[in-house]
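Student: Have a look at this one before I ask anything.
The values are calculated or read from the model by the stated rules, or taken from the named source; none is laboratory data. Computed from a predicted model, the values in this text were never measured in an experiment. Please note: Cβ atoms are built from the backbone with ideal geometry, for glycine as well, and neighbour counts cover all protein chains shown.
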Amino acid sequence: MEVELGNMAQQKAQSARVKSFGAMMVKDHTKSNKELMALASAKNIVIPSKMPAEIQQHIDEMKKLSGAEFDKHYISMMTDDHKDDIDQFEMAAKGLTDDNIKAFAAKTLPVLKMHLDSATAIKKDVK
């Protein structure tokens, strides 16, 4: 989701900061997605090939937005999404028994926290 919406942000956002944030989402989440897919493959875990319906519906709705309206919605969503992600990754980094998945979660946490900090700072300026 972060990659698809990051690409969208680069095209539809009005704010240069939002466009730049979108580019960061594409770069960072593409990298972590590749690492996660390799880890899942090594563990024989099947990752769904498409997004859950509610997330795809939200992406489809965002395709209708542009400019300042897109900026506000996107950054708000990224702030909320990264808060949830951080909570889940912290639980995984502390509570999982699989050392490889636990390490992936711990390694990814600082990036997610940096994303949240960036989104929070941008959110203050996006009206």
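To keep it simple, each residue is scored yes or no on (1) in contact with a strand residue (DSSP E or B) (Cβ under 9 Å, 6 or more places away or on another chain); (2) closer than 21 Å to MET8 by Cβ; (3) of a type outside the set (Phe, Trp, Tyr).
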| site | (1), (2), (3) |
| --- | --- |
| SER49 | no, yes, yes |
| ASP60 | no, yes, yes |
| SER66 | yes, yes, yes |
| MET78 | no, yes, yes |
| GLU90 | no, no, yes |
| ALA93 | no, no, yes |
| ALA103 | no, no, yes |
| SER118 | no, yes, yes |
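Student: Quick one: would you say GLU61 is among the charged types (D, E, K, R), surrounded by 12 or more Cβ atoms within 10 Å (Cβ to Cβ) and free of Cβ contacts under 8 Å to residues at least 60 places away in the same chain?
Tutor: No.
Student: Turning to a different aspect of this structure: Have a look at LYS94, LYS83 and point out the one that is of a type in the set (Lys, Arg) and at pLDDT 95 or above.
Tutor: Testing whether each residue is of a type in the set (Lys, Arg) and at pLDDT 95 or above leaves just LYS83.
Student: For the stretch 51-127, list the helices (runs of 4 or more DSSP H) that sit wholly inside it and hold at least 2 residues that are within 12 Å of the chain's Cα centre (by Cα); which are they?
Tutor: 67-95, 99-125
Student: Could you check, for the stretch 10-22, whether at least one of its residues is outside any helix (DSSP H, G or I), at pLDDT 95 or above, of a type outside the set (S, T, N, Q) and within 18 Å of LYS127 (Cα to Cα)?
Tutor: Scanning the stretch 10-22, I find at least one residue that is outside any helix (DSSP H, G or I), at pLDDT 95 or above, of a type outside the set (S, T, N, Q) and within 18 Å of LYS127 (Cα to Cα), so the answer is yes.
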